Structures are given as C-alpha cells and as structure tokens.
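**Student:** Input: one structure, supplied below.
None of the figures in this text is laboratory data; all of them are computed from the coordinates on show. All figures in this text were calculated on a predicted structure; none of them were measured in a lab. Virtual Cβ from ideal backbone geometry, glycine too; neighbours counted across all protein chains shown.
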Amino acid sequence: MTAQNVGAGKWDRVTRIAQVGVLYSVLLTGSIVLLIELLDTAVFGLFLPAGSAALGIASHLNRIVTARSSSSEFPWRCLAWCAQPAR
C-alpha cells in the first residue's frame, strides 16, 4: 500500500498508512505481552519441566522485563505519533 501511494505522490496517505501500521503493531505486541503476563506459568510450562524451580525464576524475570518495557518511553511515543493527524 505504501509503495503504491509513494508512486502516486500521495504522501498524506503514506503517513497515515505508517501510523496505522505502527498502531496495529503496538496493539498486537501489547496484547501478546498481556496474555503471556496473565498466563505466565502455563506458557512457561510449555518449555520448562513441571514443578521446576525455573518456572518461578522465569515468571519473576518476565515481570521485570514487562515492567521495564512498558515504562520506557518508546511505546508511548509510538502511540502519540499514531494519534497525530496526517499532514
């Protein structure tokens, strides 16, 4: 879609297509992260033996990474950029 609009010289559409693409990417990634956060033991259980001490460690590390990633500025800047009207 972007290439067609670049070729047609419709730059306002290129910006809007990029904004929608970034928005979908952030929403999809966020929903997957939320799902893994809610079902962490079940998800990690697919890869780790049942009753393993590694399950607790993996859950703890997952919470650290999730908290760090969501508090970073990048996802919020992406969402703010997506909310801007196309020029």
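**Student:** Mind pulling the per residue volume of the convex hull built on the Cα atoms of the chain? Å³ is fine. Show your work: numbers first, answer last.
**Tutor:** On the way: hull volume 8.4 nm³, N = 87.
Dividing the Cα hull volume of the chain by its residue count gives 97 Å³.
**Student:** Output the relative contact order of segment 2-83, whole-number percent, from Cα pairs under 8 angstrom with separation of 6+ residues. Please list the in-between numbers first.
**Tutor:** Numbers: 34 pairs, mean separation 30.5, N = 82.
Worked out over segment 2-83, it gives 37 percent.
**Student:** Say R0 is 35 Å: what FRET efficiency, to the nearest 0.05, do GLN4 and ARG77 get from their beta-carbon distance? It would help to have the intermediate numbers written out before the result.
**Tutor:** Numbers: r = 28 Å, r/R0 = 0.79.
With R0 = 35 Å, the Cβ-Cβ based efficiency is 0.80.
**Student:** Another question, if that's okay. For the pair VAL65 and TYR24, what calculated FRET efficiency results from E = 1/(1 + (r/R0)^6), where r is the Cβ-Cβ distance and R0 = 25 Å, to the nearest 0.05? Spell out each step's value before the answer.
**Tutor:** Values: r = 22 Å, r/R0 = 0.90.
Plugging the Cβ-Cβ distance into 1/(1 + (r/R0)^6) gives 0.65.
**Student:** Using the number of other C-beta atoms within 10 angstrom as an exposure proxy, rank PHE44, PHE74 with the fewest first.
**Tutor:** Working: PHE44 19, PHE74 9.
With the sparsest Cβ surroundings first, the list reads PHE74, PHE44.
**Student:** Mean Kyte-Doolittle hydropathy of 1.6 or higher plus an axial Cα length of 20 Å or more: which whole DSSP H helices in the chain meet both?
**Tutor:** none
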